[in-house]
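Engineer: Pasting a structure here, questions to come.
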Amino acid sequence: MSDILLSIDPGARGCGCAWWMRFGEEWTLLHARYATGAEGAGEAGPVEWLAATEAVEAASRDVLGALRPDVVAVERMQVYTRSKGDPRDLLTLSAIGGSLFRAFSDARPVGPLPREWKGQVSRDVMGARVEKKVRDRGWWERLSPPRRKTHLNDVLHGIGVGLWSIDTGKV
């Protein structure tokens, strides 16, 4: 039985992370934050992948101390043929996801696709839905909200991946 979950929305410059713990049959959010990796312009490569992974590892040590998650849930990337943006960015995010699974190789991996955990809901709408759930459950004070709105959305998506993992019994 899993008792600690780390759920992550991977990003090239940092990741939205949420740590969860099971108490009896109930899961609760322990903490959520944006783990800042390498900042800067340009195409992300191995240095940025490693920086993002190391940032999540450091944040996890801050939250859990010597404990390690039993399950790590990281959103997998999915190519949409009519999507906006550069599809090559998904390669970077996939590399970071793989690096995160390797960093937490003692945990059971869960990798939902976006369509699995959020369906066709837009990024901003899903962030607002997750924020409402967090506030309704009295967990808002457990977040370390980043200054940038887009990074807050990343944190909320990290929480969303965790909520999906719990609700679907993946943990």
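The values are calculated or read from the model by the stated rules, or taken from the named source; none is laboratory data. As the structure is a computational prediction, the values presented were derived from the model and not from experiment. For neighbour counting, all protein chains shown are included, and Cβ atoms are generated from backbone atoms with ideal geometry for every residue, glycine included. We work out accessible area using only protein heavy atoms, side chains counted, and drop any ligands, DNA or RNA first. Shrake-Rupley method; radii C 1.70, N 1.55, O 1.52, S 1.80 Å.
Engineer: Return the residues of segment 78-103 that are surrounded by 18 or more Cβ atoms within 10 Å (Cβ to Cβ) and touching a residue at least 60 places away in the same chain (Cβ under 8 Å); say none if nothing qualifies.
Structural biologist: Matches in segment 78-103: THR92, LEU93, ILE96, GLY97, LEU100.
Engineer: Please find, among ALA73, ALA95, the residue that is among the small types (Gly, Ala, Ser) and in a strand (DSSP E or B).
Structural biologist: Among ALA73, ALA95, only ALA73 is among the small types (Gly, Ala, Ser) and in a strand (DSSP E or B).
Engineer: Separate question: Which of the residues that make up segment 104-143 are open to solvent by less than 90 Å² (accessible area, probe 1.4 Å), more than 14 Å from the chain's Cα centre (by Cα) and touching a residue at least 40 places away in the same chain (Cβ under 8 Å)?
Structural biologist: ALA107, GLU116, VAL134, TRP139, ARG142
Engineer: When you go through SER60, SER105 one by one, which is the residue that is over 25 Å from ARG148 (Cα atoms) and at pLDDT 95 or above?
Structural biologist: Details: SER60 fails: over 25 Å from ARG148 (Cα atoms).
One residue alone meets the criteria, SER105.
Engineer: When you scan segment 139-146, do you find a residue that is part of a helix (DSSP H, G or I) and aliphatic (A, V, I, L, M), even just one?
Structural biologist: no
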